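Some notes on the structure that comes next.
The values are calculated or read from the model by the stated rules, or taken from the named source; none is laboratory data. The structure presented is a predicted model; accordingly, all values stated were derived computationally and were not measured. Neighbour counts run over all protein chains shown; Cβ positions are idealised from the backbone, glycine included.
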Amino acid sequence: MITPQEIAQKASRVYSRAIAAWLAGDESLFPYRMPCDLSMPESQSELIRHVEQLRSGSKEVRGFGYSIVWEEKAKRLYGKNHYPVAIAIESLEDLVQLVRKVREFRELRSCVKRVRSRFPKLNDWITKNNWQKLLSLESQVDELLAVTQFMIDNPRPDCFTRELPLSISTKLIERNKSLLSAWFDALLPEGAIDFGSTRSFEQRYGFRYSRHHLLLRFLDADLASELGCPWMELSLPAEELARLPVESVRVFVVENKVNLLTLPKSARGLALGGIGHGVTMLFNVPWLSNQRLFYWGDLDTDGFEILARLRHRFPQAESLFMDLETLERHRSIAIPIVNRSTDAASEPAELTESELAAYRICKTQNLRFEQEHIAQTLVNRWFDELRDD
């Protein structure tokens, strides 16, 4: 026969479904019934003990929780009596008390009431199994509602998230971007949202943000003067880089900072670094399309995939020390790594024959040759040859 402890365990497994039904206004779950094991103990005293234990934990005795469904039956051993045949939980309140979630449900009900009363359109978000997320932020719900109201009144505010003139924690928005994004998407007018697929939270909703800077190094002092720049090295966002009046230059995109800083002087040369997988930032620099462009990264799958991505946007891009000859020459100092994939079908289509051969070796043999290990004498020799090109 089922025990009060087993009833509570089964009720706990129903709790999330019951909350979801309550949020959706579905009252069909209650009364919730669960079968009662009708196997009988061998002795009448044992039967009485089980029944009394079941009764002592019931709503009849405690005032809440489960009720016992009785049915008159005739048993060979015990005669005609009323026996428990099922357990019924009559209401959500009974379930909540039975599984000891009274405080949690009270807080949830308060959160839901506050959100629904301010923004009825968020009801769909709440009912899509987001109640646990909402409950975890119970102490911050009013602040999150205040931020949302501010955004409705002041779409695309053109300030940093920490600058909002609200009595909230300065880190509230940073810690709750996922939730706020769902709320903003549901409530803000379409024109207040930038739906670009690569947009960050800040870009999407019109906040200012700290832009990623690229390191720029002039390899030609005359070129720096021509562009009105008093510095040979500086960092700036890609948007500012795009504004430079650049013409007829050689651009070296270099992954490693040390290699960038040790590049030899080169007529009408400038080098860019601090990019990595963020090479897509360069896609918004139009003048790169008309310049001779080189990319120098590690000889590994990541390096070749970055090269391929850059070349997809700028087909004229050439690689530097990223070919089969370079890999074979330095094979003894390549290091072992674990590649993310060995799927041959995912090979970048933009690689040359020599680059693709090196890529396959790096991928199948799990190798990486880091660009810092290229001898400076080789780099200097390549630049010398470039001067005569």
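Against the list (1) surrounded by 13 or more Cβ atoms within 10 Å (Cβ to Cβ); (2) in a helix (DSSP H, G or I); (3) not hydroxyl-bearing (Ser, Thr, Tyr), the condition ASN339 fails is (2). Does the range 230-250 contain at least one residue that is under 30 Å from ILE126 (Cβ atoms), touching a Pro at 6+ places or on another chain (Cβ under 8 Å) and modelled with pLDDT under 95? So far as the range 230-250 goes, no, none of its residues is under 30 Å from ILE126 (Cβ atoms), touching a Pro at 6+ places or on another chain (Cβ under 8 Å) and modelled with pLDDT under 95. Scanning the range 211-229 finds no residues that are in contact (Cβ under 8 Å) with a residue 24 or more places away in the chain and within 30 Å of TRP125 (Cα to Cα). The single condition from (1) modelled with pLDDT of 85 or more; (2) more than 35 Å from the chain's Cα centre (by Cα) that LYS73 fails is (1).
Filter the range 137-162 down to the residues that are part of a helix (DSSP H, G or I) and within 13 Å of GLU202 (Cα to Cα), then identify the one that is farthest from the chain's Cα centre (by Cα).
So in the range 137-162, the residues part of a helix (DSSP H, G or I) come out as 138-153, 161-162.
Next, from what is left, pick out any that are within 13 Å of GLU202 (Cα to Cα): 151, 161-162.
Numbers: MET151: 23, THR161: 19, ARG162: 21 Å.
Filtering the range 137-162 for residues that are part of a helix (DSSP H, G or I) and within 13 Å of GLU202 (Cα to Cα), the one farthest from the chain's Cα centre (by Cα) comes out as MET151.
Residues in the range 143-161 that are of a type in the set (D, E, K, R) and surrounded by fewer than 14 Cβ atoms within 10 Å (Cβ to Cβ): ASP153, ASP158. Within the range 289-333, restricting attention to residues that are assigned to a loop (DSSP other than H, G, I, E, B) and of a type in the set (D, E, K, R), which residue is surrounded by the most Cβ atoms within 10 Å (Cβ to Cβ)? Only one residue tops the list, namely ASP300.
Can you go through PHE160, PHE218, PHE150 and tell me which one is within 30 Å of VAL279 (Cβ to Cβ) and not assigned by TED's automatic domain parsing to the domain that holds MET281? Give the derivation first.
Values: PHE218 fails: not assigned by TED's automatic domain parsing to the domain that holds MET281; PHE150 fails: within 30 Å of VAL279 (Cβ to Cβ).
It is PHE160.
Output yes when any residue across the range 109-124 is more than 30 Å from ARG62 (Cβ to Cβ) and of a type in the set (S, T, N, Q), and no when none is. There is at least one residue in the range 109-124 that is more than 30 Å from ARG62 (Cβ to Cβ) and of a type in the set (S, T, N, Q).
PHE195 - would you say it is aromatic (Phe, Trp, Tyr), over 22 Å from ALA20 (Cα atoms) and in a helix (DSSP H, G or I)? Write out each step before concluding.
Values: aromatic (Phe, Trp, Tyr): yes; over 22 Å from ALA20 (Cα atoms): yes; in a helix (DSSP H, G or I): no.
When the stated conditions are applied, PHE195 does not pass them.
For the range 255-275, the set of residues classified as under 19 Å from LEU378 (Cα atoms) and assigned to a loop (DSSP other than H, G, I, E, B) consists of GLU255, ASN256, THR262, LEU263, PRO264, LYS265, SER266, ALA267, listed by residue number. Does any residue in the range 358-375 that is over 15 Å from ASP323 (Cα atoms) come within less than 7 Å, Cβ to Cβ, of a residue that is of a type in the set (A, V, I, L, M) and outside any helix (DSSP H, G or I) six or more places away or on a different chain, and which pairs are these? Cβ pairs passing all conditions: ASN366/ILE337; ASN366/VAL338.
The residues of the range 42-73 that are within 26 Å of VAL99 (Cα to Cα) and assigned to a loop (DSSP other than H, G, I, E, B), listed by number, are GLY57, SER58, GLY63, PHE64, GLY65, TYR66.
Taken over the range 170-192, residues that are in a loop (DSSP other than H, G, I, E, B) and either assigned by TED's automatic domain parsing to the domain that holds LEU244 or surrounded by 13 or more Cβ atoms within 10 Å (Cβ to Cβ) (or both) amount to 2. Listed by first and then second residue, the pairs linking a residue in the range 44-61 that is under 15 Å from ILE7 (Cα atoms) to a residue that is assigned to a helix (DSSP H, G or I), with Cβ atoms under 6 Å apart and 6 or more places separating them unless they lie on different chains, are GLY57/PRO4.
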